[in-house]
1. Restricting to the range 354-396, count the residues that are within 16 Å of the ligand (Cβ to nearest atom), assigned to a loop (DSSP other than H, G, I, E, B) and of a type in the set (A, V, I, L, M, F, W, C).
2. Return the total of residues in the range 252-283 being touching a residue at least 12 places away in the same chain (Cβ under 8 Å) and within 15 Å of the ligand (Cβ to nearest atom).
3. Contact list please: Cβ distance under 8 Å, first residue in the range 292-313 and under 16 Å from GLU347 (Cα atoms) and without any contact (Cβ under 8 Å) to a residue 40 or more places away in the chain, second residue hydrophobic (A, V, I, L, M, F, W, C) and part of a helix (DSSP H, G or I), pairs at least six apart or on different chains.
4. List the pairs whose first member sits in the range 83-94 and is without any contact (Cβ under 8 Å) to a residue 60 or more places away in the chain, whose second member is among the basic types (Lys, Arg) and surrounded by fewer than 24 Cβ atoms within 10 Å (Cβ to Cβ), and whose Cβ atoms are under 9 Å apart, counting only residues at least 6 apart or on separate chains?
5. Suppose we filter the range 327-353 for residues that are away from the ligand (no atom under 16 Å from the Cβ) and of a type in the set (Ser, Thr, Tyr); how many remain?
6. Can you go through LEU244, LEU235 and tell me which one is at negative phi and either within 15 Å of the ligand (Cβ to nearest atom) or among the hydroxyl-bearing types (Ser, Thr, Tyr) (or both)?
7. Which fully enclosed helices (runs of 4 or more DSSP H) of the range 289-353 have 1 or more residues being of a type in the set (S, T, N, Q) and crowded, with 19+ Cβ neighbours inside 10 Å?
8. All but one of (1) basic (Lys, Arg); (2) without any contact (Cβ under 8 Å) to a residue 24 or more places away in the chain; (3) surrounded by 13 or more Cβ atoms within 10 Å (Cβ to Cβ) hold for LYS80, so report the exception by its number.
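The values are calculated or read from the model by the stated rules, or taken from the named source; none is laboratory data. Predicted, not measured: the structure shown is a model, and the values here were computed from it. For neighbour counting, all protein chains shown are included, and Cβ atoms are generated from backbone atoms with ideal geometry for every residue, glycine included.
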Amino acid sequence: MKVLVINCGSSSLKYQLIDMANEKTLASGLVERIGIEGSNLAQKVEGTQKYIVETPIKDHNEAIKLVLDALINGDNGIIKSVNEIDAVGHRIVHGGEKYTKSVIITDEVVRDIEEYSKFAPLHNPAHIMGIKACQALMNVPMVAVFDTAFHQTMPEKAFLYGLPYELYKKNGIRKYGAHGTSHKYVSQKVAEVMGKDIKDLKIITCHLGNGSSITAVKNGESVDTSMGFTPLEGLIMGTRSGSLDPAVVTYMIDELGYTSAEVNNILNKKSGVLGISEISSDFRDIIDARDNGNERAKLTLEMFAYRVKQYIASYTVAMEGVDVIVFTAGVGENSMVLREDLCANLEYMGVELDKERNRVFGEIAKISKDSSKVQLYVIPTNEELMIAKDTMQLIK
Ligand code: ADP
């Protein structure tokens with residue numbers, strides 16, 4: 001069975017065609033600047049750039065058409081015809097409280113995704129465009145895989161804010177979390193690698209990339225996560241502030257004269273690692289600057305690590321212990337240096353990093369000492385494969 005995985009943004013579209021017989025990615029690609037001048041499609045086969053088209057792409061319909069053309073015609077043609085695609089899995093950012101797992105897409109599901117656009121105004125409308133474009137061009141079952149679904153097992157004490165209850169009941173203001181597909185994938189994978197039943201494990205998954213979140217996974221279920229009502233809560237990220245006193249927002253508006261749109265822009269695009277360091281949002285640049293003696297870079301990385309460690313500690317409370325901590329995504333998978341920062345001085349919690357084993361980039365590895373009470377693992381995430389697996393399971 002071949003599954004096409006689609007991750008549709010407002011002006012971009014990522015895709016992967018996965019052969020479920022061996023879970024191999026046959027082709028992956030990115031369409032950029034949909035509806036904007038300079039649009040293009042770039043497709044890779046086995047990690048190598050194989051096919052680039054630069055052509056005006058008016059809308060998502062044209063983008064999907066181009067994707068299908070690329071899969072069929074692209075240089076050596078990955079598949080012979082669209083009929084070889086058995087199903088499509090769509091990544092959906094927000095599924096509200098209703099969607100606790102992946103579902104086959106029906107008219108009702110599309111209406112619900114539209115409804116939850118109020119919580120993800122940049123993403124959900126784009127997902128709908130992607131779904132409708134696929135429906136127009138392909139006659140196969142489609143599945144929606146929600147980023148919020150994995151976190152719907154959180155208990156009320158974890159997902160509610162200390163706000164009037166009515167704001168939750170009437171307006172849906174609560175913690176939803178994000179990156180659920182990634183946290184689910186790496187928690188299942190680490191259990192498999194350890195040869196344990198996930199139902200017997202207390203796992204802390206650290207998805208650290210440009211956007212970052214940490215999840216407490218107890219017995220295979222998310223019981224708390226650091227992202228909240230939106231992906232702005234929690235850790236200090238590339239450009240997002242993470243958690244702060246909400247009074248900062250009203251102070252900036254009432255006393256400093258910012259509009260709410262400006263504050264939103266500052267908190268999402270100009271804060272975090274970029275805002276503190278005034279150097280870059282890319283952790284590699286900050287590490288280089290720290291190596292060259294830049295004090296602000298040092299402070300930035302200290303703040304990042306401090307917050308990550310605070311969440312790790314607090315999730316040992318959520319689960320009454322922890323067996324294994326997993327690092328994933330751009331930083332978690334690739335940065336030996338930052339993993340060392342994040343694990344430093346946690347010996348009192350039973351966390352002992354093995355510096356030699358920690359010399360890994362983007363591959364599955366155990367990086368704790370054999371004496372470490374808490375095991376440490378690097379597990380590369382694979383959200384696309386998780387989406388494809390859910391899709392296959394549902395349509396079978
Ligand atoms: P996104 O959240 O956009 O999916 P990724 O998970 O791809 O992001 O992570 C991207 C981030 O990973 C970049 O901002 C970069 O700082 C960081 N990163 C990638 N490789 C390294 C590395 N070797 N050392 C430190 N940081 C890295």
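1. Looking only at that region, the number is 4.
2. Residues in the range 252-283 being touching a residue at least 12 places away in the same chain (Cβ under 8 Å) and within 15 Å of the ligand (Cβ to nearest atom): 13 in total.
3. Partner pairs satisfying both residue conditions: ALA305/LEU338; ALA305/LEU342; LYS309/LEU342; ALA313/MET349.
4. If the second residue must be among the basic types (Lys, Arg) and surrounded by fewer than 24 Cβ atoms within 10 Å (Cβ to Cβ), no pairs are left.
5. So the answer is 1.
6. Numbers: LEU244 fails: either within 15 Å of the ligand (Cβ to nearest atom) or among the hydroxyl-bearing types (Ser, Thr, Tyr) (or both).
After applying the criteria, what remains is LEU235.
7. Numbers: elements: 295-319, 329-334, 336-343.
Those helices (runs of 4 or more DSSP H) span 295-319, 329-334.
8. With (1) basic (Lys, Arg); (2) without any contact (Cβ under 8 Å) to a residue 24 or more places away in the chain; (3) surrounded by 13 or more Cβ atoms within 10 Å (Cβ to Cβ) applied to LYS80, the lone miss is (3).
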